[in-house]
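Enquirer: Structure provided below as structure tokens; questions to follow.
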Amino acid sequence: MTLSPPPVSLSRWPRWRRWFGTRSERAAAKFLARSGLRILARNVADPQGELDLVAFDKATGELVIVEVRSTASPDLHRPLDSVNFAKQKQLTEATLRYLVRKRLLGNANVRFDVLAISWPAEAAKPTYHHVRGAFEAVGRHQFWN
């Protein structure tokens with residue numbers, strides 16, 4: 001009798017969690033588009049992680065980096081609080097690399113938003129909480145206008 005190795009997962013997240021995240025990012029993109037933002041990119045790959053959504057705010061002329069956080073509970077504070085200093089630094093550095101790749105460094109005003117989505121089982125629709133300008137760029141890579 002030979003034992004086969006356990007199946008190898010290609011992702012660090014379980015399938016249901018990837019599905020939940022994809023569902024939330026899709027809903028976030030629709031919500032932001034209805035709010036007047038133009039979605040430029042989704043799930044921008046970066047060696048240190050990813051940028052969930054990259055949008056353009058025509059009203060302010062800013063490039064908006066949106067971190068999408070979702071939960072199955074009605075509490076929206078936990079997802080918002082999960083964007084701590086370490087996550088902010090990671091997003092800042094990923095944004096810098098994105099701006100360099102797209103040749104936008106020095107030409108774009110950047111804003112970091114956090115969008116929390118609550119998907120409680122008893123609710124028919126999700127609840128959104130959009131925090132515009134949730135944090136400034138952190139770390140050694142600050143952005144100046």
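Enquirer: Which of (1) surrounded by fewer than 14 Cβ atoms within 10 Å (Cβ to Cβ); (2) modelled with pLDDT under 95; (3) touching a strand residue (DSSP E or B) at 6+ places or on another chain (Cβ under 6 Å) does LEU40 not meet, given it meets every other one?
Expert: Failed condition: (2).
Enquirer: Here's a follow-up. Assess whether GLU67 counts as being under 17 Å from VAL138 (Cα atoms), at pLDDT 90 or above, surrounded by 12 or more Cβ atoms within 10 Å (Cβ to Cβ) and acidic (Asp, Glu). Break it down stepwise before answering.
Expert: On the way: under 17 Å from VAL138 (Cα atoms): yes; at pLDDT 90 or above: yes; surrounded by 12 or more Cβ atoms within 10 Å (Cβ to Cβ): yes; acidic (Asp, Glu): yes.
Yes.
Enquirer: Given the conditions (1) among the acidic types (Asp, Glu); (2) in contact with a Gly (Cβ under 8 Å, 6 or more places away or on another chain); (3) free of Cβ contacts under 8 Å to residues at least 12 places away in the same chain, which single one is not true for GLU93?
Expert: (3)
Enquirer: Please go through the range 124-145 and give me each residue that is farther than 16 Å from VAL66 by Cβ and at pLDDT 90 or above, ordered by number.
Expert: Selection gives THR127 alone.
Enquirer: Sort out which residues of the range 90-135 are within 14 Å of PRO47 (Cα to Cα) and surrounded by 13 or more Cβ atoms within 10 Å (Cβ to Cβ), and write them in order of number.
Expert: Answer for the range 90-135, where residues must be within 14 Å of PRO47 (Cα to Cα) and surrounded by 13 or more Cβ atoms within 10 Å (Cβ to Cβ): GLN90, LEU91, THR92, GLU93, ALA94, THR95, LEU96, ARG97, TYR98.
Enquirer: While we're on this one: Scan the range 82-123 residue by residue and report those that are under 15 Å from VAL64 (Cβ atoms) and β-branched (Val, Ile, Thr).
Expert: VAL83, THR92, THR95, VAL110, VAL114
Enquirer: Could you check the range 30-56 and list, in sequence order, the residues that are farther than 25 Å from LYS89 by Cβ and not basic (Lys, Arg)?
Expert: Kept after step one, since they are farther than 25 Å from LYS89 by Cβ, are these residues of the range 30-56: 30-31, 33-36, 38.
The answer is PHE31, ALA33, SER35, GLY36.
Enquirer: Let me ask another. Could you list, in sequence order, all residues of the range 71-91 that are in contact with a Phe, Trp or Tyr (Cβ under 8 Å, 6 or more places away or on another chain) and at pLDDT 90 or above? Steps first, answer last, please.
Expert: Looking only at the range 71-91, we keep the residues that are in contact with a Phe, Trp or Tyr (Cβ under 8 Å, 6 or more places away or on another chain), and these are 71-72, 83, 88, 91.
The answer is VAL83, GLN88, LEU91.
Enquirer: Any residue in the range 38-57 that is acidic (Asp, Glu) sitting within a Cβ distance under 6 Å of a residue that is assigned to a strand (DSSP E or B) and surrounded by fewer than 18 Cβ atoms within 10 Å (Cβ to Cβ)? List the pairs, counting only those 6 or more apart or interchain.
Expert: Pairs that qualify, where the first residue is acidic (Asp, Glu) and the partner is assigned to a strand (DSSP E or B) and surrounded by fewer than 18 Cβ atoms within 10 Å (Cβ to Cβ), are GLU50/ASN43.
The values are calculated or read from the model by the stated rules, or taken from the named source; none is laboratory data. The structure displayed is predicted, hence computed values, not measured ones. No Cβ is skipped: glycine too gets one built from the backbone with ideal geometry, and neighbour counts run over all protein chains shown.
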